[in-house]
Each structure stands twice: as C-alpha cells, then as structure tokens.
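The values are calculated or read from the model by the stated rules, or taken from the named source; none is laboratory data. Not measured: the values here are computed from a predicted model. Cβ coordinates were reconstructed from backbone atoms using ideal geometry, including for glycine residues, and neighbour counts include every protein chain displayed. Just the protein is used for accessible areas: all its heavy atoms, side chains included, with ligands, DNA and RNA removed. Shrake-Rupley method; radii C 1.70, N 1.55, O 1.52, S 1.80 Å.
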Amino acid sequence: MCSCVRSSRALSPALLPRLLLPQAGCRSVHRGLWTSSQCLANAGDSQLLPLPSQARVVICGGGIVGTSVAYHLAKLGWTEIVLLEQGRLGAGTTRLCAGIISVAKPISIECRMADYSNSLYQRLEEETGVKTGTNFIFFFPPCLCVAPSLLRVIGINCNIIKPKEVAKLHPLVNIHDLVGALHLPGDAVVSPPDVNHALAVAAAGQGVQILERTGVQQVVVEKGHVTAVETERGSIECEYFVNCAGQWAYELGQASEVKVSVPLHGCEHFYLLTKPLQELLPPNIPVVMDMDGRIYVRPWQGGLLSGGFEKNPKPIFTEGRNQLEIQNMQEDWDHFEPMLSGLLRRMPGLESAEIHQLVNCPESFTPDMRCLMGETPGVTGYYVLAGMNSSGLAFAGGAGKYLAEWMTYGYPTANVWPLDIKRFGNLQSSRTFLRHRVMEVMPLLYELKVPRWDFQTGRQLRTSPLYDRLDTQGARWMEKHGFERPKYFVPAGKDLLSLDQSKTFYKPDWFDIVGAEVKCCKEAVCVIDMSSFTKFELSSSGDQALELLQHLCANDLDVPVGHIVHTGMLNERGGYENDCSVVRLSRNSFFIISPTDQQVHCWSWIKKHMPSDPQLHLEDVSWKYTALNLIGPRAMDVLAELSYVSMTPDHFPSMFCKEMSVGYANGIRVMSMTHTGEPGFMLYIPIEYALHVYNEVMSVGQKYGIRNAGYYALRSLRIEKFFAFWGQDLDAFTTPLECGREFRVKFDKNTDFLGREALMQQRQVGASRRFVMLVLEDHDTELDLWPWWGEPIYRNDHLAGTTTSSAYSYTLERHVCLGFVSPPPGPEGLPTPITPDFINRGDYEVDIAGQRFPAKAKLYPFSSLFTQQKRRKDDLELSNLQGK
C-alpha cells in the first residue's frame, strides 16, 4: 500500500489508504454543550442540550477562529456568549491544518497577529493545562528579500544565515543553490486541534456556551441591526453576530434576507505525509519553507509533512458546498507532482521515504490575499472574521483579539485597515470573479511580489467612459477597488512587451516615461483620468446636511457657496477615518470627494452618524461623473479657450468650484485644485459628456503641448510636495497634529466635531510622532535598490520610524520618502512629545533592504530650495558651454 517515491506518477493512488489526518496529540471532541465543568466529560453523549433563547453575541463557527473570538470577548468581560458549530468543534479546516505558525508575513499587521498568536498558544498551556505544541526554528531558503527589516521594526527576532548553517540545522536540506536563509527562532509548530480545544476550554471557563450540531440558517436583521439568529434548532435573540464560518462564510452571508458580502472562495490544498523515516530526525528539527520550490516541510510523527502552493490551483465549491463533499475530497497525485518534485530537489534523501497519505483539504482565499475582518457595511452588529488564505492558525489568535477589541471599544488597538472587510464592496461578490481571482491569489502566496505589481484576473470590471480611447493611446493600467486607472502612457515606438513585464526592486523601465509626464505637468499641461475617485452628494431641505458635516469634519464647512474645503473626518481618538475634499454646491447641498478605496468605508462612516431624517439624503454619485485632472501652467489657457471664461487666479481663485460649459457640454463642475500642489483644474463631467469634453481638451491643448499622464506621475508630484494620502500615510490612528495638518482643524467653530476632545488633549501634552519628508543622499538611482514603502528610518543610529510613501522626484532628482518618526519613550515607557528641534537636529538614514542611506529630514517641502539650486546649476553649466 505504500511505495518508495521518485515521482508521484510512479504511485498508484488506488493503493494508498484513505485516512483522516491524525495530528499529534489530537483529541476527539464531544457533542453538545461545553461548560467549564463538562469539557470533554460527555464526549460520547449524543444528547443535545437546550438552545438558549437569547444571547448578547452569537458566533458561528467552532474552528480555531471562532473559538479565538469567543475566548477574547470573554477575556474582555463579555457575558452571554454563544458559539455555534454545525458539526463537531474543530472538525473543519482546523482539523486538517498543517500546524505551522510563521510570523514572516507581507504586511506588518499580519506579522503582529502571527506573533501574538504564537505567544498566546504557549500561554494557553499554562492557562488550561492542554498541550498545544512545541516551538521550532523556521527559515526560508532560497529567497532573500526585505523581510528582515520589516520584522526587526516590530521587534521579531530574525537573522540571515549562511548555507552551511542551514545544513547544520537541517541535514536533509540540499544547500547547493542557496545563498542564505531567513532564520526565525521564535516561530512554532503546534497541534491545531489541541490549540482549538485549549481555546474552547478557556472560553468555556469564562462562561461561553458552545453548542455543536447546531447549524445557522440565517441572521435576522431589522432596521439595519442584527436582532436574532435562526438555527436548525430554533431562534436566538441577540445584538451581535460574528461570521467565523470559514468555508461557509460566503454562503452564510448570502443566506439571510439582508445579504452580506463575504468575498472568499475555496481551493483544494494538498500536503503529503510520510511514514517515520529510517534515519531518525534530530530533535527540534526546523520547519523549511522553500519559496522558489513552492513547498513547506515540517516534522510529523517521526516522518515529514510537506505541502505547498502550486501555480495551477484547483478552485472548488463555486456552486456551493456541503459537509459530505469536504469529507470526500479526492487525492490527485498528478496535480501534486510539481510540489513533490520540488520537495525532492530540496531534500533528495527523501527518495526512499515511504508515503503514508496525500491529504486534500479545502482552504478559503480572498481577492487580495488578506483576511476579512470587521463590521459589515450594511448591517450594524454583523461582524466577520474569515478568509484566512491558508494562515488561519497563524492569524487566529491575533485576529480574534483585534476583532474582540473592535466589538468592545468600537476600534481595535492596531491599524487593521488592510484587513477591514469594508475595503471590498458587493462588486467583489461575483462567484465568477472570485473563482478566477483565487486561481491567481493562491500561487502568489509563495512568490516574490515586486513593487507595484497588479492582479491580472477580474480586470476591466469598472472602467471610465474614456477607457478604450486611452487604451489606444498607450495607457498601461492598474486596478483600484475594481476600477481601471492609467499608470502611465507608452509612447508610440516603445517596446511594449518589456514594459509590461517590468518587475524589479531597482530602477523600473517606465522611469523615463513617467519623467516626461511629470515634466509636462510642470511646464505645459497634462490630462489624468481620475474617474475612480469616490464621489458623494449630501443634501437636505434645511441645515441638516451642514450640521452633519460640521459634526463629522474637523475643518469648517460653513463657507460660501462654491468654496472647496479640504478636511479630515476624524474618529473619537482624533484619527483619520476619511480624508476628503468637500464642495459647497448650494446652501444645503455638498459634493464630497474621497480616495477610491474609501467608497464603502466612507459611505458606512457617514451613514453610521446620520440621523434618521427623511429630509437628509446621501447619494453615491461615483458612477455619474468622469473626472479629468488638468495639471500644468497651461491648463488655464486650455479651459479659457473652451469656455470663453477667464481662468486666471483673479477670476478663478484657488480651491473654488464653478459649474461651467466646456465645449458643447453644460453642467461641468470645474474646480481649481489638482491633488498635487501644481496649478490646474479638476473637471467633474456627467458621463454622457465625457468623451466630447476629453476630445475637445486634447484638440485645443495640442498647441500648448498637452499629453496624457497617469497615476505614477501624480504620485511623484504629490510626494515631492509633501502631500499625505489616506490609506498610505494617514489612517485611523493618525491625527492632524501628527501630520502637520493642524491648520485644517477649526477648534473654534461652533459645532463640537468628532475627535475635538482628543485633539485638544494631544495639543496640550504634545504629539509623540511626526510626519516628515526625507530626501535620500548618496543613493544611486541607477544601481541601488529603490525605496518603495515600509523602510525603517534611523535617527542617530536608533530606529525612529518607518516610511509610508516613496517616489523618485524628477524635480529634485532624488528619491523622496515620507514617513513618521518618534523619539524614544520616557523613563517609565510613556510616549515622549516630539519637537521640531528633535527632527531638525538628528542625523537620519533610511534602511533599504539592509543598506542604510543618509537622508535630510524636513517638516516642509524641499521643492523651492532645490529648484533654486538646480536653476543656478543649470545657468552655470550653460555659461560654461558658452565660454563665459
């Protein structure tokens, strides 16, 4: 029944045993209700205990994610918590999990969640007496990247080791092609069923009721609030519901009368189990993750467990699923063959190993490889924690903690926007979209993702009316919230193939193209299609719209009609929930412009604080308007010629809006702002006029040197002007006082706006961090690795912060990084107020993949100073050429 393995094709699947995966220390879990005194006592008792008629919160899903949420809610003092599981506790994906906890993740919030999970699972042994596993060493051959810098910033022990050290730690590893490995001594291997059991025991000890064999049918919603949960055994009245249903989370969201979008989709995931090896493995042998080979290998009961993430994954259950289908998922040796080959290349000594089993289990994946967390946008009290992308064990502890904090305090203690379910909308709920996207997502888990890479599936979902026109003119596209946006425009005659395949951490192939677009923005006029921006209209019969905005916004919105106000919408802590521009269209009507990915989040934030007033109306008009950004000193000439209206600052002041005619089209909202600091105008055009206005602008603009430009040029311009952007530089934990925007906070306006009290307190004690601009010195643009974002910032050789945005400034001819720096904490570990003197007197360096580059830090843009110096340099070179 078992065979020596050289390739999977030599094996006969019919001869292999069909067994459930036996995990070390795995416990069978009883049916019925768990309490602190009954845990596991009635394992053979099939009688179900009564369903409670009411609870404060009902959690659906008895895997490691659901038990973690229950545990952390109970720890925070919640009572009347009910956890429902349709089958047996931990009998889903948790039972089949490989048991690896790695803290090396792509983004910092995921690293923090995994690090917390690791420490939590160790503490659970002391708390419950349940053994959860043993710590092991962990490393990544042969891919080396910028991960160590990120991990060290958040305090995780890691180091780069040489191939010889790898061989000492793991004698089975073939090191001939290695240049090094990332070594993480604190990572772990645990028994997932035991961790799940320990969390359940600890939760039950805090009063959580856990009921098995109780499936949820739907969540009852009245007036936008959760009121009850209907199960196979009856109804439970409740205030909160948490969807931790894993593979079933999407279907559960769609099952209720008020549908909730939970964008995830399942794929088959394979791993191999060997019988005990003839040669005994050393104790505490490390886990190996070979990213190039697309495999992971861990010890398992004297043998090895090895799986991976193939390039051609198999999506499943697109038309729905049931428990029987999951239990009967089939082996597929032909499909597993590339991973088996990768395993034998990395560990040739395993050729004589005997196979115990090939396991096929379902895993759920999301459209962007990040989990789904938070309160859903359409239903108050309905929370989701699902879509773990094969990292459920690593994330469950930390994710459960953050979600419990969110439900308790109204916000978690860390910035979880990259995981917030409101980053998606209903547009990502198409099963066809999800099926195609997860086929791309799963392989990316083990691929090196270069800066500014783009998903290739699920594209052209949302497009501007100008898409085809721009595409024929060489536009190269990126996607944001499902919307196609131009990155740059390839001039005729360029090698299109090489540009499309440009993937590097160094100087990219589009460098000169973007430079030409930036130059045109500064010297002539460019057009950027910015139709993807979120656009709302808020109106009322009386002053209700103004009163709501005055409460939500830190700036003063009581301005004359036609004025534009740039403002933040702050939370109670003074952090940015939204960063937007608001136009007063009339006395009781306002036009709100926000970043593209704020469409769902901003809508939810405003609706959450809107009074129930039929005379107050909020409308999403993002689809109604095409937005063109005319940037450059000649923009006023183009518009003046098309409108027969003077566009000079005397007649059209900055931050002002007029409804005008452009060409033959009426009702164009023209605004004197560009989001870059450069002169120009934003045109918000009813979509039926979009093509006409664009054609007219390009036709008239020819005499002024007009050309198309993309978002890469926009990014360079806004960063060199020290403009912060929400979602990159600003988040729910960033206050205006920390990012130099106190001038946009009107403390003396009549309305007590959200966050005012927190800002007043911060102004009194002083902010403990500050947004700064860093211009790199001694950095070779041609030869050195580029900064992209997330690089550590050092002040006087001490870690002081990280970058949040980076771009090459074609004006300064240097790289510019934006980021936050903080002074060291005080004697008692309390934050120390930061001062301008602290910033100005420090010697700064930016760490790019382990190499530090000196940088000049400033609290204001460098543009004017460097422009003057550059002009003097150019004049000197010109005079030398002329022999003067």
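Taking the range 539-577, which residues are hydroxyl-bearing (S, T, Y) and either within 22 Å of Y411 (Cα to Cα) or at pLDDT below 95 (or both)?
T567, Y576
Take V600 and decide whether it is open to solvent by 20 Å² or more (accessible area, probe 1.4 Å) and assigned to a loop (DSSP other than H, G, I, E, B).
Answer is no for this residue.
Specify which of the listed residues (V416, V490, V450) is over 20 Å from M373 (Cα atoms) and under 19 Å from the mean Cα position of the chain (by Cα).
That would be V450, the only listed residue that is over 20 Å from M373 (Cα atoms) and under 19 Å from the mean Cα position of the chain (by Cα).
Can you report the number of residues in the range 412-450 which are among the small types (G, A, S) and either touching a His at 6+ places or on another chain (Cβ under 6 Å) or not assigned by the TED database to the domain that holds I64 (or both)?
Of the residues in the range 412-450, 0 are among the small types (G, A, S) and either touching a His at 6+ places or on another chain (Cβ under 6 Å) or not assigned by the TED database to the domain that holds I64 (or both).
Do we have G829 as surrounded by fewer than 21 Cβ atoms within 10 Å (Cβ to Cβ), modelled with pLDDT under 95, of a type outside the set (V, I, T) and out of contact with any helix residue (DSSP H, G or I) (no Cβ under 9 Å at 6 or more places or on another chain) here?
Yes; evaluated as a whole, the condition is true for this residue.
State which residue pairs qualify: first residue over 23 Å from P418 (Cα atoms) and inside the range 577-591, second residue acidic (D, E) in any location, beta carbons under 9 Å apart, and separation of 6 or more residues or different chains.
R584/D558; L585/E537; L585/E659; R587/D543; N588/D543; S589/E537; F590/E537; F591/E537
Filter the range 288-319 for residues that are surrounded by 24 or more Cβ atoms within 10 Å (Cβ to Cβ) and of a type in the set (V, I, T); which is nearest to N174 (Cα to Cα)?
The qualifying residue nearest to N174 (Cα to Cα) is V288.
Here are some residues: L340, L344. Which one is assigned by the TED database to the domain that holds W406 and surrounded by fewer than 23 Cβ atoms within 10 Å (Cβ to Cβ)?
L344
Residues in the range 399-411: is at least one touching a residue at least 24 places away in the same chain (Cβ under 8 Å), in contact with a His (Cβ under 9 Å, 6 or more places away or on another chain) and under 11 Å from P367 (Cα atoms)?
No, the range 399-411 has no match at all.
So which of E375, E363, E279, E351 is open to solvent by 30 Å² or more (accessible area, probe 1.4 Å) and closer than 28 Å to V600 by Cα?
Result of the check over E375, E363, E279, E351: E375.
Give the residue, chosen from G302, G207, that is on the phi > 0 side of the Ramachandran plot and at pLDDT 95 or above.
G207
I'm trying to understand the selection: among the residues of the range 721-777, which are outside any loop (DSSP other than H, G, I, E, B), among the aromatic types (F, W, Y) and under 14 Å from Y576 (Cβ atoms)?
W726, F771
Report whether or not V65 is open to solvent by 10 Å² or more (accessible area, probe 1.4 Å), assigned by the TED database to the domain that holds G398, part of a helix (DSSP H, G or I) and not acidic (D, E).
Judged against the criteria, V65 is a match.
Which ones in the range 240-276 are open to solvent by 30 Å² or more (accessible area, probe 1.4 Å) and either in a helix (DSSP H, G or I) or over 30 Å from P367 (Cβ atoms) (or both)?
Residues satisfying the conditions are W248, E251, Q254, A255, K275, P276.
Report whether or not E659 is of a type in the set (D, E) and touching a Lys or Arg at 6+ places or on another chain (Cβ under 7 Å).
yes
Can you list residue pairs whose Cβ atoms sit under 6 Å apart, with the first residue in the range 247-262 being farther than 23 Å from N389 by Cβ and not assigned by the TED database to the domain that holds G320 and the second being polar (S, T, N, Q) and in a loop (DSSP other than H, G, I, E, B)? Count only pairs 6 or more apart in sequence or on different chains.
From the range 247-262, no pairs qualify.
Residues that are open to solvent by 20 Å² or more (accessible area, probe 1.4 Å): which strands (runs of 3 or more DSSP E) entirely in the range 153-220 hold 2 or more of them?
In the range 153-220, the matching strands (runs of 3 or more DSSP E) lie at 159-161.
For the range 89-126, how many residues are part of a helix (DSSP H, G or I) and open to solvent by 30 Å² or more (accessible area, probe 1.4 Å)?
Residues flagged as part of a helix (DSSP H, G or I) and open to solvent by 30 Å² or more (accessible area, probe 1.4 Å) within the range 89-126 amount to 11.
Among the residues that make up the range 732-741, is at least one of them more than 28 Å from the chain's Cα centre (by Cα) and either open to solvent by 10 Å² or more (accessible area, probe 1.4 Å) or in the same structural domain as C580 (by the TED database) (or both)?
Checking the range 732-741: not a single residue is more than 28 Å from the chain's Cα centre (by Cα) and either open to solvent by 10 Å² or more (accessible area, probe 1.4 Å) or in the same structural domain as C580 (by the TED database) (or both).
Go through the range 68-88 residue by residue and tally those that are closer than 28 Å to L445 by Cα and either of a type in the set (S, T, Y) or open to solvent by 10 Å² or more (accessible area, probe 1.4 Å) (or both).
1
Cβ contacts < 9 Å: first residue within 15 Å of L639 (Cβ to Cβ), restricted to the range 693-714; second residue assigned to a helix (DSSP H, G or I) and among the basic types (K, R), any location; separation 6+ or different chain. Result?
Y694/R469; N695/R469
Tally the residues that are of a type outside the set (S, T, Y) and either touching a Ser or Thr at 6+ places or on another chain (Cβ under 6 Å) or buried (at least 24 other Cβ atoms within 10 Å of the Cβ) (or both), restricting the search to the range 567-576.
Residues meeting the conditions: 5.
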